[in-house]
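Following: one structure in structure tokens, then a few remarks.
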Amino acid sequence: MSRGAARRSACATSLPALLFLGLGVIAPTACVVWFMNEAASAQADAARQSIAEAYRGQLRFLRDRVDFYWKNRAASLELSAGKGSAADFERDVKAGLADSFVLAKYPTAGVPIADPAVDRADWRAGTIAEERHNAQAAIGAWAVVAKSDANLSVKARAAQAEIRWLARTDKEAALRAIGEYFDRGPMTKGADQQGRLIAADEQLLALRLMQPRDTRHGVIVRRLAGMLNDYQGTAMPSAQRLFLMDEVRGIAPGTAFPTYEAERLAAEFLEGGDARSGGSGLQPTSVPELWKLPSKSGRVTALYRTSTVLAATETILAGGKGVRFAATPPSVRTFGEAIAAGAMLPGWQLSASIVDPEFMEQAARRRMASYLWAGYLVIGMMAITSLLAGQSFRKQMRLARLKTDLVAAVSHELKTPLSSMRLLVDSLLADEVFEAKKTREYLQLMSGENTRLTRLVENFLTFSRIERNRQRFEFQRVRPGDVVASAAGVMRERFPGAGCDFQVDVEDGLPAINADPDALLTALVNLLDNAYKYTPGEKRICLRAFRDRGQIVFEVEDNGIGIAAREQKRIFRRFYQVDSRLARETGGCGLGLSIVESIVRAHGGSVRVTSRLGSGSTFSVFLPGGTRSEKAPA
Ligand code: ADP
């Protein structure tokens, strides 16, 4: 097989292998990229789901706390309610236990009582005077009863009637009578048949009778407000209290009634008719946005506005980062994750909604980024691995090609000297008698072929060692003149005889260099060999050694065929020959100069050629003039 054919076949085998390598990298990379995308989007969903699941867990925990909180409230109602009196109502409302209460004794509608006055003669006199529309008589009759020893309520009712008649005729007299009967003293406790506190009603009447600018106005407002705010001292039905509060607020808007809202809520609730207790937990009432919470025994019912329930529950539902937990009343739509709020808030829901969707997206993005980076890492590693694999593959390919080239060169180059030697031996043996002159001549020719063969084999071996990095250089102190002398000796031995003017010129006093003398000799012999081979006819070859700018230069000059400028770089490549026909004739295989270059490089030097086609060539080897101490023995 020719060397070109061998190279072509090597290329042919490397193409599918390269293709396979490309596919082996591209296909898995594409798969990894696809997988990364899939994994990243799946992870984003998973991240959202796991966050949602975490919120659900938190919601369940919060639900238990909310439930516990309201159970506690229901239990504490029982304890705080006491006897269920108006004073208990006032205290609990002011303590903020609920927006309002319905207790056992408060608020309740006044219950009519049997009239203790009907059997009294003086009472009848008043009634008759009233029926006759006799104001004077009525005033007189009622004044008698008011001042009698009758029971407090009877006296107060009579005083009320007297004041009513006085107000028709003389407002000032009526005001005086109100002050006299009801500003202080026992009659201030008197109640009418519906249980209403007469003194309080009379204070309102006083306010209505006088001008707002009246100096007494403020005093009466304060007195009446004091009565209305005094749940311990003044007993009156809640309906009357609320009515009077409303009136006073109308007359003197700035007046403070801390329990007003609670009274109003309780009244609305009772009006709604759903005071019936029962059930547990917060229950809706007929009043919009109002909830009742009955105590266990049913003796107390606390009333809560929706806003109060939300505010109380919100203190428990402290939000997390980027999430808001909220309680939602029944029939209100929830957003995000939601669960039932538990037995104490039937119908209510607890929900977790993302306040900052960016927060969740960020978490998902962070996960995605970590997956992408992992993917990039894998791709990067794959790229590096494939690069290394490619390099090693290329190296293998190169070696395979070299092997092929070498085998082709060896078989080809060995064939010529061997066959010419066989020819010479055969022709000698064909003679019956050995002619001394002819025999000597043939033996000399055979010796030449032998030398050529040896040289070839040496070059092959050196090349093979260099290629396999097996060439060991033994550095030592070498005098350039000695190397030159050895090379000249070899050359004279190889090319004796006429037709070759071989000059040696060594500069005096050259310093010793660190070099492997055998390797250096191989390099110089190769150069001299080429000079000899590629100089037809009269040969003038010169081997020099001199110093140039701190370097030691070995130079081989010939007057041979020369080398074209564009070939001068290529000739150092392995197996490269400018003219393969000529090379075959001269017995070369294209390895000599590549061996020279490898040896010179190993010495830290360089080799250069200057040549002109038809005029000869000069090969210069530059070696460092200093010492190479690292490998060389001193
Ligand atoms: P070869 O064994 O063919 O001589 P080399 O590597 O020694 O291989 O040389 C490579 C080629 O360089 C040669 O084939 C030849 O064409 C060219 N060459 C080398 N030395 C010289 C020279 N002194 N003069 C002209 N051509 C040369």
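The values are calculated or read from the model by the stated rules, or taken from the named source; none is laboratory data. Note that the structure is a prediction, hence the values are computed from the model and not measured. Don't worry about glycine lacking a Cβ; one is built from the backbone with ideal geometry, like all the others, and counts go over all protein chains shown. Surface areas here come from the heavy atoms of the whole protein model, side chains and all, with no ligands, DNA or RNA. Shrake-Rupley method; radii C 1.70, N 1.55, O 1.52, S 1.80 Å.
Could you give the length gained by full extension between residue 71 and residue 318, i.e. 0.36 nm per residue of separation minus their alpha carbon distance, to one decimal place?
So the chain would gain 87.0 nm between residue 71 and residue 318.
Under a Cβ-Cβ cut-off of 10 Å, what is the net charge of the residues other than residue 617 that fall near it, where Lys and Arg count +1 and Asp and Glu count -1?
Every neighbour counted, the sum reads -1.
Treating the beta-carbon of each Lys and Arg as +1 and of each Asp and Glu as -1, no other charges, what is the dipole magnitude of the range 121-236 about its Cα centre, to the nearest 20 debye?
The dipole magnitude comes to about 220 debye.
Considering the options 410, 332, 355, tell which one lies farthest towards the positive end of the dipole of the range 295-433, charges being +1 on Lys and Arg and -1 on Asp and Glu at the Cβ, about the Cα centre.
332
By the gyration tensor of its Cα atoms, with a ≥ b ≥ c the square roots of the eigenvalues, what is the shape of the range 214-311: rounded for a/c under 1.5, prolate for a/b over b/c, or oblate?
prolate
Quick one: which residues, 5 or more positions from residue 298 or on another chain, have an amide H under 5 Å from its amide H? H modelled 1.01 Å from N in the peptide plane, none for Pro or chain starts.
HN-HN under 5 Å from residue 298: empty list.
Expressed as a whole number of Å, what is the distance separating the alpha-carbon centroids of the range 341-399 and the range 66-94?
55 Å
Work out, step by step, the length gained on full extension between residue 465 and residue 565: first 0.36 nm times the residue separation, then minus their alpha carbon distance; give nm to one decimal.
32.9 nm
Kindly write out, for the range 229-246 in residue order, the coupling ³J(HN,Hα) from the Karplus curve 6.51 cos²θ - 1.76 cosθ + 1.60 (θ = phi - 60°), rounded to whole Hz, with x marking Gly and Pro.
Values, residue by residue: 7, 9, 7, 7, x, 10, 9, 8, x, 5, 4, 5, 4, 5, 4, 5, 4, 4 Hz.
Taking all protein chains as present, what is the carbon and sulfur share of the accessible area of the chain, in % to the nearest whole number, probe 1.4 Å?
56 percent
How much length is gained if the chain between residue 418 and residue 297 is pulled fully straight, taking 0.36 nm per residue apart and subtracting their Cα-Cα distance, in nm to one decimal?
30.8 nm
To the nearest 20 debye, what charge dipole does the chain have about its Cα centre, counting +1 at the Cβ of each Lys and Arg and -1 at the Cβ of each Asp and Glu?
That gives a dipole near 1300 debye.
Specify the inter-centroid distance of the range 482-522 and the range 242-302, based on alpha-carbon positions, in whole Å.
Spelled out, the Cα-based centre of one part sits 127 Å from the other.
Only bridges with both residues in the range 491-604 count here: give the DSSP antiparallel percent, nearest 5.
In the range 491-604, DSSP labels about 50 percent of beta bridges as antiparallel.
Net charge within 14 Å of residue 546 by Cβ-Cβ distance, Lys/Arg positive one each and Asp/Glu negative one each, not counting residue 546 itself?
Result for the local shell: -2.
Relative to a virtual label point 7 Å from the Cα of residue 271 in the Cα→beta-carbon direction, which members of the range 236-259 show backbone nitrogen distances below 15 Å?
238-247
Can you give me the accessible area per residue for the range 388-478, using a 1.4 Å probe, in Å²?
Per-residue value: 68 Å².
As an exercise, use a Förster radius of 30 Å and the Cβ-Cβ distance of residue 79 and residue 246 to find the FRET efficiency, rounded to the nearest 0.05.
0.40
So for the chain, taking the charge dipole from beta-carbon charges (+1 Lys/Arg, -1 Asp/Glu), which of 450, 562, 57 sits furthest toward the positive end?
Farthest towards the positive pole: 450.
Leaving out same-chain residues fewer than 8 places away, which lysines sit with a Cα under 22 Å from that of residue 403?
Cross-link targets: 395, 415.
Would you calculate the separation in nanometres between label points at residue 427 and residue 169, each defined as 7 Å from the Cα along the Cα-to-beta-carbon direction?
Placing both labels 7 Å along Cα→Cβ, they lie 18.4 nm apart.
Determine the shape class of the chain: with a ≥ b ≥ c the square roots of the Cα gyration tensor eigenvalues, call it rounded for a/c under 1.5, and otherwise prolate if a/b is greater than b/c, oblate otherwise.
Prolate.
Between 546, 484, 519, whose Cα lies farthest towards the positive end of the dipole of the range 468-624 when Lys and Arg beta carbons carry +1 and Asp and Glu beta carbons carry -1, centred on the Cα centre?
Comparing the listed Cα positions along the dipole, 519 ranks first.
If packing is taken as the average number of other Cβ atoms within 10 Å across a peptide's residues, how do 239-248, 210-219 rank, most packed first?
239-248, 210-219
Return one whole number: the accessible area per residue of the range 46-118 in Å², for a 1.4 Å probe.
51 Å²
Between residue 507 and residue 440, what is the label-point separation in nm under the 7 Å Cα-to-beta-carbon projection?
Those two pseudo-labels are separated by 4.4 nm.
Given a Förster distance of 25 Å, report the FRET efficiency between residue 392 and residue 35 from their Cβ-Cβ distance, rounded to the nearest 0.05.
0.35
Sort the following peptides by mean Cβ neighbour count (other Cβ atoms within 10 Å, averaged over residues), highest first: 159-167, 60-68.
Packing proxy ranking, top to bottom: 159-167, 60-68.
Across the range 468-624, how large is the tail of the calculated P(r) beyond 18 Å, expressed as a percent of all Cα pairs?
56 percent
Roughly what angle does helix 260-271 make with the longest principal axis of the chain, taking Cα atoms, 0 to 90 degrees, to the nearest 10?
Roughly 80 degrees, rounded to the nearest 10.
For residue 214 and residue 136, what does the FRET efficiency come to when R0 = 25 Å and r is the distance between their Cβ atoms, rounded to the nearest 0.05?
Once the sixth-power term is evaluated, E becomes 0.40.
How far is helix 3-80 tilted off the main Cα axis of the chain, in degrees rounded to 10, range 0 to 90?
On a 0 to 90 degree scale, this one is about 20.
Just from the alpha-carbon atoms, what are the Rg and Dmax of the range 121-236 in angstroms?
14.0, 42
For a test of the definition: using alpha carbon positions, the gyration tensor, and the 1.5 limit on a/c, classify the range 376-500 as rounded, prolate or oblate.
oblate
Kindly work out what percent of the DSSP beta bridges joining two residues of the chain are antiparallel, to the nearest 5.
Antiparallel bridges: around 85 percent, rounded to the nearest 5.
Which order do the peptides 589-601, 76-88, 422-434, 388-400 come out in when sorted by mean C-beta neighbours inside 10 angstrom, highest first?
The most tightly packed comes first, giving 589-601, 76-88, 388-400, 422-434.
Under a plain spin-label model, where a point goes 7 Å from the Cα along Cα-to-Cβ, how far apart in nm are residue 373 and residue 310?
4.3 nm
Against the longest alpha carbon principal axis of the chain, how many degrees, from 0 to 90 and to the nearest 10, is the axis of helix 480-494 turned?
Value to nearest ten degrees: 50.
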